[in-house]
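Contents: one structure, followed by commentary.
The values are calculated or read from the model by the stated rules, or taken from the named source; none is laboratory data. In this text the structure is predicted, and so the values were computed from the model without any measurement. Cβ: placed from backbone, ideal geometry, glycine included. Neighbour counts: every protein chain shown.
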Amino acid sequence: MPVALGGRNSRGVARLVRVLLALVLPCVSGLAVVGRAAWPARAGEEYCSDANPYGGTHQNVGAALTDLGPALYTRMDGTPTAFGGGLYPGGSNTLPAAHLAAGQARAGQIRPRSADGSPNPQGKIAFISVGMSNTAMEFRAFRDLALADPALNPQVVLINGATPGRTAEYWTDPISDTWQLVDDRLSGAGLTPLQVQVAWVKLTRTGPGQFPQKAQTLEADLVAVVHNLLARYPNLKQVYLSSRTRSYTYWNGLSPEPAAFETGFAVKWLIETQLAGAPDLNYDPARGPVTAPWLAWGPYLWADGLNARSDGLVWTQQDMVADCTHPSSYGEAKVAQMLLNFFKTHPATQTWFLSDPPPPAATHNLFIPQLNRAALGTPAAARLSIWPQAAAHDE
């Protein structure tokens with residue numbers, strides 16, 4: 001029976017159409033995974049607003065993992081949990097010294113390689129991304145930013161392996177065509193799997209879920225992903241992981257809060273399991289069979305919306321397109337800058353990422369994108385400024 005659309009119903013349908021288009025268009029645009037700049041704003045770009053039926057306005061979720069420290073996490077509905085924060089054990093945000101030393105040792109093994117994987121001063125260092133549409137969009141912007149930076153090692157080749165629509169479960173099967181897509185992009189750039197030596201991984205499972213069960217499912221997915229990475233790319237030395245950025249949808253939707261925030265626990269638990277010496281995540285041949293690459297946090301991207309992190313980072317509605325889940329050009333630029341700062345300054349990445357790395361030092365300054373409060377009236381991308389921070393966070 002036909003339904004008469006008018007007034008409130010027609011507005012609801014129009015809203016639904018806008019949301020569906022917002023879900024589809026970022027994924028379609030994300031297929032062009034290389035060669036596109038992270039410009040300040042795209043013509044006709046629509047930003048997150050209350051037009052999204054699952055949210056759109058700011059609601060408090062909680063403290064970022066980097067600010068939560070050893071305190072126990074409480075979900076946004078007031079449900080307490082038994083899980084503390086921090087990126088690393090004990091509520092700390094600092095990479096443990098022994099693990100950092102191991103990462104630096106592996107950085108020393110990252111070198112230009114020929115197609116057959118043998119060291120070659122004229123060879124290449126392939127650095128891939130693994131993830132879904134958000135990852136693809138952000139890595140694309142990072143690639144463009146990095147290629148414009150004269151400090152980048154010219155032998156590092158950035159390959160965007162992330163694919164729209166391919167969330168964590170698509171990467172757990174070692175013979176999934178998702179992995180073949182990565183290899184196709186390597187081949188298109190004149191590279192082979194034996195030249196892949198570094199990966200950035202950002203994955204999620206869509207939709208809401210109970211905690212900790214959903215985060216534990218994602219953690220299990222990530223274990224399978226890092227196993228698959230090592231099996232496909234035997235010269236892989238380092239894998240850096242990030243969790244999701246802030247969502248402005250709540251409890252329901254494509255990737256709502258608090259589930260988006262809780263993806264950070266999956267990454268945290270994965271790395272803590274490796275630090276504890278689990279055999280199925282062993283990276284050290286002196287301890288037995290190598291079953292995984294060396295793992296560490298990449299940049300920690302989540303902030304509680306308009307509630308600034310202790311380092312000043314915020315996520316505004318303008319940082320996301322109309323679906324309140326995918327990054328806008330402003331959000332892409334923000335993540336791209338965080339990635340570039342991380343790989344230029346981290347002591348386990350500088351030796352291979354930079355063309356002229358600084359001499360080794362016992363400590364380091366990490367440059368974190370922060371909110372420039374003196375420029376609140378300017379566009380979001382222009383509000384990023386890079387301030388030196390003490391080495392309290394390995395983000």
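What are the residue pairs meeting all of these: first residue in the stretch 109-136, first residue on the phi > 0 side of the Ramachandran plot, second residue buried (at least 22 other Cβ atoms within 10 Å of the Cβ) and not in a loop (DSSP other than H, G, I, E, B), Cβ atoms under 7 Å, and 6 or more apart or on different chains?
Correct list of pairs: 117/195; 131/201; 131/202.
Condition check: touching a His at 6+ places or on another chain (Cβ under 8 Å), touching a residue at least 40 places away in the same chain (Cβ under 8 Å), part of a loop (DSSP other than H, G, I, E, B) and not small (Gly, Ala, Ser). Does residue 323 satisfy that?
Details: touching a His at 6+ places or on another chain (Cβ under 8 Å): no; touching a residue at least 40 places away in the same chain (Cβ under 8 Å): yes; part of a loop (DSSP other than H, G, I, E, B): yes; not small (Gly, Ala, Ser): yes.
For residue 323, the condition - touching a His at 6+ places or on another chain (Cβ under 8 Å), touching a residue at least 40 places away in the same chain (Cβ under 8 Å), part of a loop (DSSP other than H, G, I, E, B) and not small (Gly, Ala, Ser) - is not met.
State all residues of the stretch 257-282 that are small (Gly, Ala, Ser), in a helix (DSSP H, G or I) and more than 30 Å from residue 56 (Cβ to Cβ); if no residue qualifies, say none. Steps first, answer last, please.
Initial filter on the stretch 257-282 (small (Gly, Ala, Ser)): 259-260, 264, 266, 276-278.
Imposing the further condition that a residue be in a helix (DSSP H, G or I) reduces the set to 259-260, 264, 266.
Once the filter is applied, which keeps residues that are small (Gly, Ala, Ser), in a helix (DSSP H, G or I) and more than 30 Å from residue 56 (Cβ to Cβ), the stretch 257-282 yields nothing.
Scan the stretch 39-57 and report the pairs whose first residue is over 17 Å from residue 138 (Cβ atoms) and surrounded by fewer than 19 Cβ atoms within 10 Å (Cβ to Cβ) and whose second residue is modelled with pLDDT of 95 or more and among the aliphatic types (A, V, I, L, M), with Cβ atoms within less than 6 Å and a gap of 6+ or a chain change.
Partner pairs satisfying both residue conditions: 46/322.
Looking at residue 89 and the list (1) surrounded by 15 or more Cβ atoms within 10 Å (Cβ to Cβ); (2) touching a helix residue (DSSP H, G or I) at 6+ places or on another chain (Cβ under 6 Å), which single condition is not satisfied?
The failed condition is (1).
Out of (1) polar (S, T, N, Q); (2) assigned to a loop (DSSP other than H, G, I, E, B); (3) closer than 25 Å to residue 151 by Cα, what's the single condition that is false for residue 252?
(3)
Residues checked against (1) of a type in the set (D, E, K, R); (2) crowded, with 24+ Cβ neighbours inside 10 Å; (3) touching a Phe, Trp or Tyr at 6+ places or on another chain (Cβ under 8 Å):
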{"site": "125", "(1), (2), (3)": "no, no, yes"}
{"site": "154", "(1), (2), (3)": "no, no, no"}
{"site": "174", "(1), (2), (3)": "no, no, no"}
{"site": "177", "(1), (2), (3)": "yes, no, no"}
{"site": "180", "(1), (2), (3)": "no, no, no"}
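Could you tell me which numbered condition residue 110 fails, if it satisfies all but one of (1) in a helix (DSSP H, G or I); (2) modelled with pLDDT of 95 or more; (3) surrounded by 14 or more Cβ atoms within 10 Å (Cβ to Cβ)?
Against the list (1) in a helix (DSSP H, G or I); (2) modelled with pLDDT of 95 or more; (3) surrounded by 14 or more Cβ atoms within 10 Å (Cβ to Cβ), residue 110 comes up short only on (1).
Taking into account only those residues within the stretch 144-201 that are without any contact (Cβ under 8 Å) to a residue 12 or more places away in the chain and polar (S, T, N, Q), which is farthest from residue 126 (Cα to Cα)?
176
Sort through 266, 260 and tell me the only one that's crowded, with 24+ Cβ neighbours inside 10 Å, touching a Lys or Arg at 6+ places or on another chain (Cβ under 7 Å) and in contact (Cβ under 8 Å) with a residue 24 or more places away in the chain.
Working: 266 fails: touching a Lys or Arg at 6+ places or on another chain (Cβ under 7 Å).
Step by step, each of 266, 260 is checked, and only 260 is crowded, with 24+ Cβ neighbours inside 10 Å, touching a Lys or Arg at 6+ places or on another chain (Cβ under 7 Å) and in contact (Cβ under 8 Å) with a residue 24 or more places away in the chain.
Only one of (1) surrounded by 13 or more Cβ atoms within 10 Å (Cβ to Cβ); (2) assigned to a helix (DSSP H, G or I) is not met by residue 76, so which one is it?
Condition (2) is where residue 76 drops out.
Could you count how many residues in the stretch 188-217 are touching a Leu at 6+ places or on another chain (Cβ under 7 Å) and part of a helix (DSSP H, G or I)?
1
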